[in-house]
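Participant: Here it is, the structure in full.
The values are calculated or read from the model by the stated rules, or taken from the named source; none is laboratory data. Here the structure is a predicted model, which is why all the values come from computation and not from measurement. Cβ placement follows ideal geometry from the backbone for every residue including glycine, while neighbour counts extend to all protein chains displayed. When the accessible area is computed, the model is the full protein with side chains, heavy atoms only, and any ligands, DNA or RNA have been set aside. Shrake-Rupley method; radii C 1.70, N 1.55, O 1.52, S 1.80 Å.
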Amino acid sequence: MTYSSTPPRRSSPSRRIPIGVPLSPALNQTRQALPLGAGRVAAGFPSPATDHVEQRLDLSEYLVLHPEATFFLRVKGDSMTGAGIHHGDLLIVDRSLSPASGRVVVATLNGELTVKRLQRSRGKLTLKAENPAYPDLAVSDEHDFQIWGVVAHVVHTP
Amino acid sequence: MTTTIALVDGNNFYVSCERVFNPALECRPVVVLSNNDGCVVSRSNEAKALGIRMGVPFFEIRSFIKSHGLTWLSSNYALYGDMSARMMALLGEFAPRQEIYSIDECFLDFTGTPGKVRDHGRSIRRRVRQYLGITTCTGIGTSKTLAKLANHVAKTHRQYQGVFDWEQLSLLEQEALMDTLDVGEIWGIGRRLSPQLKAMSIHTVLDMKRANATLMRKRFSVLLQRTVAELNGESCMNLDDVAEPKSQILASRSFGRPVTALQELREAASSHIIRAAERLRSQHSSCSQVTVFMHTNRFRNNDPQYNPAILVPLTVATDDTRRLIAAAMSGLESIYRTGFRYKKIGVMLTGLQPVHAVQDDLFSTVEQPRATRLMSTMDRINRIYGMNTATFASAGIDQPWRMQTAQKSPRYTTSWNELPQAR
């Protein structure tokens, strides 16, 4: 999945958050939506919407199903452009998912983190780039290799 | 019903957190140093194999960098704190009750839950390993003391593969194993008490288990009497699953370089007070005493040594940062002496009490509600926009005395600008 968004910056002073609104006590990574109606009370007529207050949609609820196991990584390079993953994109990696064949995964390879498509056929594992300029890599025991996590979503800013 | 308690901890926790995001650190000796890059606080197995002990000053092992390819890192508490919160949340799902004991370990109370607790220990190991990349060890026993000791066995005896339950041995085998363990491995004994116990011919865990509990109380304390009972399988210490408000709050740091000027000490003490006061307010307490202490560097034998401390009582208990800073400054000025190279300064807030119980004195003014509002507004600003967005000028702006963290890794999980990269 591809999303268009600008990554929020935690410390940016231009982000206006009204003081007095409870903040999420959860992990720093998952900012919760603010409940509607938590703001000031109008002195005039009561709002007709007060009986219909619902929680505003929260993107991290949609993108992060297992908060404890989810990490954000930044893409470097263009080896996966064919899969719609570009330099600078944000990877949402869920380590609780099992790395089935055909999924895009993050793996450790020779001391680095790499994002590739995992292919398992006849007991052999291959890390496939999605860019003809990059060769496929059949991983064997000689490689210092491990699956790090499964890419659940990619956030792309066009 | 028999109590069943597990102690779960993350192996080499700080080093393990670093390795998750920097796989190049695998399979090589790595240490993490304390604040200000002073002493070793976490070691990889390879570093342990080099004979590097916990707590040694960095300068003693510096030569290993060249001779054995040792990698050292400054501590990255933003990372360890987040990984700890994740690990504790995962562990809490396994048992009805949890006591978080430190950043990398917690007790889980499995009393009355069906199934073998050892199997839970194995599931925990698989789950935390997969979700977080951190290896855990689990020790299981009928008391906290036995669980803690079982955890030590799980770590040091490979055949148990990181999960050990006293239950899996016969009583005879348990005692044979206890006879091989040094008395200093028992929770709460440590390096301080073990020489005294050894002087009484209590050398091993088994000796302690068979010791006379009443005698222990007479010679030492009721705590040691309880330890003996707990080693015999009787659970005497409850799980503190509700965090009690702290009865004292300490904030201290070593300096990045020796400090001699009063102004720099003032700034450092102020910035410690600011942090301590935030913690004070977050637990809805106020305090009636402020202690200021400082140290020179005890490793510099040629430097004159001076380690003063002073307790400043307040007429009215307060949680107002401004009043706490004022108290700390007056204390600091009265203990400050020129001619010393200070290494560390710290503050401690004591005499804590709930805010609503504060007794006003005759001379207090009616500014209290305004001060409360100011403090809670500052705390909120700092929570939202990050630490020290709104602060006090007395803490200094440049803070040249701040600690050295020469080799700190990125805040991989708490800063948008420092995310790990994948090629």
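Participant: Provide Rg over Rh for chain B; use the alpha carbon set for both Rg and the Kirkwood Rh (inverse mean inverse pair distance).
Facilitator: 0.99
Participant: Return the long-range amide H neighbours of B:Leu352 (sequence gap of 5 or more, or a different chain), with a cut-off of under 5 Å between placed amide H atoms.
Facilitator: Long-range HN contacts for B:Leu352: B:Ser288.
Participant: When the dipole is taken about the Cα centre of chain B, and only Lys, Arg (+1) and Asp, Glu (-1) are charged at their Cβ, what size is it in debye, to the nearest 20?
Facilitator: Details: 52 positive and 39 negative charges, 202 e Å.
Result for chain B is approximately 980 debye, rounded to the nearest 20.
Participant: Please give the FRET efficiency for B:Arg219 paired with B:Arg298, using the beta carbon to beta carbon distance and R0 = 35 Å, rounded to the nearest 0.05.
Facilitator: 0.65
Participant: On to the next question. My understanding is that a pair violates if its Cα-Cα distance is over 29 Å; which of B:Lys148/B:Lys344; B:Lys144/B:Lys218; A:Lys116/B:Lys116 do that in this structure?
Facilitator: Flagged as over cut-off: B:Lys148/B:Lys344; A:Lys116/B:Lys116.
Participant: On to the next question. Using only protein heavy atoms and a 1.4 Å probe, report how much of B:Val117 is accessible, in Å² to the nearest 10.
Facilitator: Around 20 Å² of this residue is reachable by solvent.
Participant: Straight-line reach from B:Lys343: which lysines have a Cα under 24 Å away, not including same-chain ones fewer than 8 places off?
Facilitator: B:Lys408
Participant: Ignoring ligands, DNA and RNA, what percent of the accessible area of the stretch B:120-220 is carbon or sulfur (1.4 Å)?
Facilitator: The computed percentage sits at 46.
Participant: To continue, here is another question. Work out how far the C-alpha atoms of the stretch B:216-275 reach from end to end along every principal axis, then list the three figures in whole Å, largest first.
Facilitator: Projected onto its principal axes, the Cα set of the stretch B:216-275 covers 55, 30, 19 Å.
Participant: Non-local amide H neighbours of A:Leu125 (under 5 Å, H modeled in plane, Pro and chain starts lacking H): which ones?
Facilitator: Correct list: A:Val139.
Participant: Computed from the mean reciprocal separation of all distinct C-alpha pairs, what Kirkwood hydrodynamic radius does the protein assembly as shown have, in Å?
Facilitator: By the Kirkwood definition, the hydrodynamic radius is 27.5 Å.
Participant: Now for a separate question. Hey, what's the Kirkwood Rh for the stretch B:3-111 if you take every pair of different alpha carbons, in angstrom?
Facilitator: 14.9
Participant: Given a 1.4 Å probe, show me the residues in the stretch B:403-423 buried by at least 20 Å² of accessible surface when comparing the whole protein assembly to the chain alone.
Facilitator: Relative to the lone chain, where solvent access is computed with a 1.4 Å probe, the stretch B:403-423 loses at least 20 Å² at B:Thr413, B:Thr414, B:Trp416, B:Asn417, B:Leu419, B:Pro420, B:Gln421, B:Ala422, B:Arg423.
Participant: Using heavy-atom solvent-accessible surface (probe 1.4 Å) with all chains present, what is the largest-first order of A:Thr157, B:Thr136, B:Thr4?
Facilitator: In descending accessible area the options line up as A:Thr157, B:Thr4, B:Thr136.
Participant: Probe 1.4 Å, all protein chains in place: accessible area of B:Ser170 in Å², nearest 10?
Facilitator: About 50 Å², ignoring ligands and nucleic acids.
Participant: Working out 0.36 nm times the residue gap between B:Arg370 and B:Arg210, then minus their Cα-Cα distance, what length gain in nm do you get to one decimal?
Facilitator: Working: separation 160, 0.36 × 160 = 57.60 nm, distance 6.09 nm.
This chain segment gains 51.5 nm when fully extended.
Participant: Output the 0 to 90 degree angle, nearest 10, between the alpha-carbon long axis of helix B:77-92 and the longest principal axis computed from the alpha carbons of chain B.
Facilitator: Here the helix axis deviates by roughly 40 degrees.
Participant: Shifting gears a bit: Give me the Kirkwood hydrodynamic radius of the stretch B:248-360, using the inverse of the mean 1/r over all pairs of distinct Cα atoms, in Å to one decimal.
Facilitator: On the way: mean 1/r = 0.0702 Å⁻¹.
Radius from the Kirkwood sum: 14.3 Å.
Participant: Note every residue of the stretch A:67-100 with a reduction of at least 50 square angstrom in accessible area, all protein chains present versus the isolated chain, computed with a 1.4 Å probe, or write none.
Facilitator: A:Glu68, A:Phe71, A:Phe72, A:Arg74, A:Lys76, A:Arg95
Participant: If you line up the long axis of helix B:222-231 against the longest principal axis of chain B, both from Cα atoms, how many degrees apart are they, to the nearest 10?
Facilitator: Helix B:222-231 and the main axis of chain B meet at about 30 degrees.
Participant: Compute the accessible area per residue over the protein assembly as shown, keeping the other protein chains in place, probe 1.4 Å, unit Å².
Facilitator: Here the per-residue accessible area is 52 Å².
Participant: Please compute how much accessible surface disappears when A pairs with B, both sides summed, using a 1.4 Å probe, and round it to the nearest 100 Å².
Facilitator: In total, chains A and B hide about 3300 Å² from solvent.
Participant: Largest first, what is the accessible-area ranking of B:Arg86, B:Arg281, B:Arg226, B:Arg298 with a 1.4 Å probe?
Facilitator: Working: B:Arg86 0, B:Arg281 30, B:Arg226 85, B:Arg298 175 Å².
Result, largest first: B:Arg298, B:Arg226, B:Arg281, B:Arg86.
Participant: Further question: Compute and list, largest first, the equivalent-ellipsoid semi-axes of the stretch A:110-152 from the alpha carbon gyration tensor, each √(5λ) rounded to a whole angstrom. Kindly include the intermediate steps, with their values, before the conclusion.
Facilitator: Details: eigenvalues 44, 38, 29 Å².
The equivalent ellipsoid of the stretch A:110-152 has semi-axes of 15, 14, 12 Å.
Participant: Got a sec? Which residues in the stretch B:42-80 would a label at B:Tyr101 touch, if it sits 7 Å along Cα→Cβ and we count backbone N under 20 Å?
Facilitator: Within reach of a label on B:Tyr101, which here means backbone N under 20 Å from a point 7 Å along Cα→Cβ, the stretch B:42-80 contributes B:42-43, B:54-55.
Participant: Another one. Counting only protein chains, not ligands or nucleic acids, how are A:Glu130, A:Glu61, B:Glu60 ordered by accessible area (probe 1.4 Å), most first?
Facilitator: Heavy-atom accessible area, descending, gives A:Glu61, B:Glu60, A:Glu130.
Participant: Kindly express, to the nearest 10 degrees and within the range 0 to 90, the angle between helix B:190-199's C-alpha long axis and the longest C-alpha principal axis of chain B.
Facilitator: For helix B:190-199, the angle is close to 50 degrees.
Participant: Just round it to a whole percent: the fraction of Cα-Cα distances in the stretch B:167-285 exceeding 17 Å.
Facilitator: 69
Participant: If you don't mind, there's one more thing I want to ask. Counting only the heavy atoms of the protein chains, how much of B:Arg97 is accessible to a 1.4 Å probe, in Å² to the nearest 10?
Facilitator: Here the accessible area works out near 90 Å².
Participant: Out of residues 5 or more away from B:Ala317 or on other chains, whose amide H comes under 5 Å of its own, with H placed 1.01 Å from N in the peptide plane?
Facilitator: When sequence neighbours closer than 5 places are left aside, the close amide H contacts are B:Gln359.
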